[in-house]
Amino acid sequence: MSNSSVGQSLPRPDALGKVTGQTRFSGDLSRPGMLHMKILFADRPHARVKHVETGNAQAAPGVMAVFTARDVPVNEYGLQIPDQPVLCGPGSDKPNTDIVRCMADQIAVVVARTESEAEHAVKMIEVDYEDLPVLTDPLQAMKTDAPILHPDRGDSNICVHYKIHKGDMDAGFKSADVIVEGEYHTPVQEHAYLQPEAGLAYLDEEGRITVEAGGQWTNADQSGISHALGMPDDRVRVIYPAIGGAFGGREDLSVQIVLALAVWKLQQPVKIIWSRRESIVGHGKRHPITIRAKWGATRDGRLVAAENELIGDAGAYMYTSNKVLGNAAITSSGPYFIPNFKTDVYGVYTNQLPSAAFRGFGAPQALFMAELQMNKLAEKLGMDPAEFRLNNALQDGLTMNVGTPAPGPVSIIQCIHAARERFQWNKYRRRRTKPHIRRGRGFAAGFKNVGFSFGYQENCWAKVEIHGDGDIERVIVHHAGAEVGQGTHTVMRQVAAQVIDYPAEKIQLHTSDSATQGNPGSASASRMTFMAGNAIKGAAEAALAKWKTEERPAIAEYKYLAPRTTPFDKETGHSTPNFSYAYVAQAVEVEVDIETGQVRVLRVVSADDVGKAINPDLVVAQIEGAIVQAHGYAVVEDYRTENGRVLTDQLSTYLIPTIRDIPEKVDSVLVEVPDPNGPWGARGLGELPFLPLAPAIAAAIHDATGVWIDEIPFTPERVLRALGRIR
Amino acid sequence: MKTTAQNLFDLSVTVNGTRYEQAVEPRTLLSDFLRHELGLTGTHVGCEHGVCGACTVLLNGESVRSCLMFAVQAHGREITTVEGLGTIEKLHPIQEAFHEAHGLQCGFCTPGILTTVVPFLEQNPHPSEEEIREAISGNVCRCTGYQHIVDAIKLASDRMNK
């Protein structure tokens, strides 16, 4: 084909606006007559709000309105279950919405003529609290005598419990020659996307409440807003301007509902921009999980049994904990065949900030345990860790821990080979530089579902228009999938271009508007290339068929439905939870300074099966970005709280990697084992390279120093403590 | 320097070649002045206290953080923001390289990186990779992993030296 596009590293069309400052993020938007909003957040993590005194604030200069709980028609929201009040306080008809359960809770909003007037007035609101006991530890909160945080949702703080059970555990462990037991701790991680939350809301030409604020799923934002306002969905419109990063942290609503509420009440445009502190305190985080594990293998290097218990801190509200922890349950076996397997996964409500979606969605935590268990078993058996993994790798037809085979082809073996070869694992020689510098290598693998799981009928909508007379003059693609920086708008054009044989750069893309487009699903679960790719491919093929029958213009809509999945069985976890997986293996070399405890990652080889790289440069960019973010998780980032209060609430205290902190070299190996259902064989990628890095670094630290560190992050202090150099 | 009756300051500043005479409050940050008063929203604010570098602009050709400066400190001087580097029709070679070499993802940090790189490449037209890394070590990017940014700067330097 003359316009062959799939497989080409085309530049991003959105880069032109981004390098010239023309691109508009939500904080850059304005409209005539625009008012400004400021939110009063809770100033304590658990309390009953007895009274909110707004009189002084209402009388302050420039103030147009102050809204509290009693102004919200249906005072609840939540992506999975509506367990969070929009505004906490007395006077709403939902039960217990007067209770503040974490510092992210919002109490009131002030709308004023200027931002500084709103800021001035919000400080004049007086809140009368009755403090309640603060639960910060999920292990305490899950005890039967703990105070209940959501009394209207049952008599326990355990909000999620999944069980997976396959085979005979006693017989399995009896047949083991070596057993490794461990307890692992994974930390909270903050998304720290560079653009703090912001939004502009107004009434559009049809009088619809229109919210322009970055998110990850237009339709979910729309229905969350309309539910809280007690309106039908079509009275609310969600448009995405440019989005300054997301990584899962924009899946849950932040500023959208209160903006919509204010526009509805005042009939004037309203804008808000969160500060960095408001962003860090105001949105969810990666789940911290405590994991206990016991795994056994035979002398000849076969896994025979594994038993795990994962206790995740859900924080104050559900957000997507039920899905994140389901995914942690599945990935807690690693990408291996284990004949006897048992996992119990708990999610527990506490008064910490809500735990939420974050790149990897439960898999990085579960794999930190699984891959360290594998490395420790390999050491005990005296086997090479890559070889031990190959011995036990999942393959087509072998059952996963949920009792059914993974949808094929299963490519973990190819990834392990690819990582091992590029790293030259078998030729590795440890170089010595200085006496206090120790080098070592580490290996880890991982896997992750592509698309939504557990019985949800995955779907994705697209529309394609072909205009012209004799020749094609114009192609328009309509798709609402969120461009959060990953490059999906580029991929969408390439897909349509390939089908229609038309230059990708000439394709017009109409993006992210709930009023004109069907449901795209979320830009999460590494699903957008797979789902939007299939949807746009389907719509483009249908439009092209009409074009060929002389229909002018040729317009087609298409809704792609992915293969069906099933939910966990309650007792055994038996299921076909996913329709596609992607696989990854990584080898790393690190340097540990045993005097300072500093860990430097010298080299990362990441072999990722992407099925088909639609745009190879963008794939490599995703791998490099994910590895640096995972390196932050493993080595740099150190989130701290005290009694439910966030101590690291600025980028000066919550440090994320600069170019001086990152692995010195990242080698991306693109493995391409096509998924039969993916567009041109594509799987999913966005989360994949994140998954095995922390355990690979842990294994390398062990190789370098002889100590295992079972808790992330590997800060100098923790490394020195593990080395016995400090207490 | 003059202040008016309402304690406003009569600011005179040249931004992207245009001279502005405007009364501002002395406490107005340069970043807020550029974004809210002049509508130059290409200058982004990511942390409000000089950590992330997204708000970087050129003050008389030198990179400065506009969130750490008051607008009045730019009195009588020249500011260049990302909008002043080039246009979509006529890109600056550094902008062109970031477009071609995938030097960005979400793009929120990009204006600050470009305005850091412009004076860097003027002062050091043939930088080593190590020098490039040092030059952008005060700018935070959460998406790219930085390698494509380094590659784009190398490409720009090659092009500008031809």
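Descriptive notes on the structure:
- Among the residues examined, A:LEU40 does not qualify as within 14 Å of chain B (Cβ to nearest Cβ), crowded, with 17+ Cβ neighbours inside 10 Å and not basic (Lys, Arg).
- Residue in the stretch A:97-119 that is acidic (Asp, Glu), surrounded by fewer than 18 Cβ atoms within 10 Å (Cβ to Cβ) and either under 27 Å from the mean Cα position of the chain (by Cα) or closer than 13 Å to A:PHE41 by Cα (or both) present: yes
- Members of the stretch A:384-442 that are surrounded by fewer than 20 Cβ atoms within 10 Å (Cβ to Cβ), among the polar types (S, T, N, Q) and part of a loop (DSSP other than H, G, I, E, B): A:GLN395, A:THR404, A:GLN424, A:THR433
- Residue within the stretch B:150-162 that is in a loop (DSSP other than H, G, I, E, B) and at pLDDT below 95 present: yes
- Filter pass, B:VAL24 being within 27 Å of B:LYS154 (Cβ to Cβ), in contact with a strand residue (DSSP E or B) (Cβ under 7 Å, 6 or more places away or on another chain), of a type in the set (A, V, I, L, M, F, W, C) and within 14 Å of another protein chain (Cβ to nearest Cβ): no
- Test: residue in the stretch A:390-400 that is assigned by TED's automatic domain parsing to the domain that holds A:GLU672, in contact (Cβ under 8 Å) with a residue 60 or more places away in the chain and at positive phi: no
- Members of the stretch A:521-538 found to be of a type in the set (A, V, I, L, M, F, W, C) and part of a helix (DSSP H, G or I), listed by number: A:MET528, A:PHE530, A:MET531, A:ALA532, A:ALA535, A:ILE536
- You will find that of A:ASP661, A:ASP675, the residue that is part of a loop (DSSP other than H, G, I, E, B) and surrounded by 23 or more Cβ atoms within 10 Å (Cβ to Cβ) is A:ASP675 and no other.
- Residue match in the stretch A:258-275 (condition: touching a residue at least 24 places away in the same chain (Cβ under 8 Å), among the aromatic types (Phe, Trp, Tyr) and not in a helix (DSSP H, G or I)): yes
- Only residues that are within 30 Å of A:TYR633 (Cα to Cα) and either touching a Phe, Trp or Tyr at 6+ places or on another chain (Cβ under 6 Å) or surrounded by 16 or more Cβ atoms within 10 Å (Cβ to Cβ) (or both) were counted in the stretch A:158-178, giving 6.
- Evaluation of A:GLY91 against (1) without any contact (Cβ under 8 Å) to a residue 60 or more places away in the chain; (2) small (Gly, Ala, Ser); (3) not in a loop (DSSP other than H, G, I, E, B) (one fails), failing number: (3)
- Contact map, the stretch A:134-148: first residue over 16 Å from A:ILE99 (Cα atoms), second residue part of a loop (DSSP other than H, G, I, E, B) and acidic (Asp, Glu), Cβ cut-off under 9 Å, separation 6 or more or different chains; pairs are A:THR144/A:ASP155.
- Condition check for A:VAL160: more than 26 Å from A:ASP649 (Cβ to Cβ), β-branched (Val, Ile, Thr) and in contact with a strand residue (DSSP E or B) (Cβ under 7 Å, 6 or more places away or on another chain): yes
- Scope the stretch A:43-66; condition hydrophobic (A, V, I, L, M, F, W, C) and surrounded by 21 or more Cβ atoms within 10 Å (Cβ to Cβ); matching residues: A:ALA47, A:VAL49, A:VAL52, A:ALA57, A:VAL63, A:VAL66
- Reported count of residues in the stretch A:665-684, each being within 10 Å of chain B (Cβ to nearest Cβ) and out of contact with any helix residue (DSSP H, G or I) (no Cβ under 8 Å at 6 or more places or on another chain), is 1.
- Close pairs from the stretch A:701-713: first over 20 Å from A:ALA587 (Cβ atoms), partner among the charged types (D, E, K, R) and not in a loop (DSSP other than H, G, I, E, B), Cβ under 8 Å, at least 6 apart: A:ASP710/A:GLU183; A:GLU711/A:ARG718
- Taking the listed residues A:GLN622, A:GLN650, the one that is assigned to a loop (DSSP other than H, G, I, E, B) and facing another protein chain (nearest Cβ under 9 Å) is A:GLN650, with no other qualifying.
- Among the candidates A:GLY284, A:GLY296, the residue that is over 19 Å from the mean Cα position of the chain (by Cα), under 30 Å from A:ALA634 (Cβ atoms) and touching a residue at least 60 places away in the same chain (Cβ under 8 Å) is uniquely A:GLY296.
- Between A:ASN322, A:ASN327, the distinction of being more than 14 Å from chain B (Cβ to nearest Cβ), touching a residue at least 40 places away in the same chain (Cβ under 8 Å) and surrounded by 22 or more Cβ atoms within 10 Å (Cβ to Cβ) belongs to A:ASN327 only.
- Screening the candidates B:LEU91, B:LEU68, B:LEU104 for the property of being free of Cβ contacts under 8 Å to residues at least 60 places away in the same chain, farther than 26 Å from A:ALA621 by Cα and touching a helix residue (DSSP H, G or I) at 6+ places or on another chain (Cβ under 9 Å) yields one hit, B:LEU68.
- Subset of the stretch A:454-509 (residues that are within 29 Å of the chain's Cα centre (by Cα), within 14 Å of A:ARG12 (Cα to Cα) and of a type in the set (Asp, Glu)): A:GLU483
- Complete set of residues in the stretch A:496-515 that are in a loop (DSSP other than H, G, I, E, B), under 25 Å from A:GLY249 (Cα atoms) and not aliphatic (A, V, I, L, M): A:SER512, A:SER514
- Selection of the stretch B:43-63 for residues being touching a strand residue (DSSP E or B) at 6+ places or on another chain (Cβ under 6 Å), touching a residue at least 24 places away in the same chain (Cβ under 8 Å) and either among the aliphatic types (A, V, I, L, M) or at positive phi (or both) yields B:VAL57, B:LEU58.
- Test: residue in the stretch A:524-537 that is at positive phi and either buried (at least 17 other Cβ atoms within 10 Å of the Cβ) or at pLDDT 95 or above (or both): yes
- Qualifying residue in the stretch A:277-284 (condition: at pLDDT 95 or above, in a loop (DSSP other than H, G, I, E, B) and not acidic (Asp, Glu)): yes
- The set of residues in the stretch A:200-238 being buried (at least 24 other Cβ atoms within 10 Å of the Cβ) and in a loop (DSSP other than H, G, I, E, B) consists of A:ALA213, A:GLY214, A:GLY215, A:GLN216, A:TRP217.
- Here A:GLU181 meets each of (1) surrounded by fewer than 17 Cβ atoms within 10 Å (Cβ to Cβ); (2) out of contact with any Lys or Arg (no Cβ under 6 Å at 6 or more places or on another chain) with one exception, condition (2).
- Only a single criterion out of (1) farther than 24 Å from A:ARG276 by Cβ; (2) more than 17 Å from the chain's Cα centre (by Cα); (3) surrounded by fewer than 24 Cβ atoms within 10 Å (Cβ to Cβ) is not satisfied by B:HIS102, namely (3).
The values are calculated or read from the model by the stated rules, or taken from the named source; none is laboratory data. Quantities reported herein were computed from a predicted structural model and do not represent experimental measurements. Every residue, glycine among them, receives a Cβ derived from its backbone with ideal geometry; neighbour counts consider all protein chains shown.
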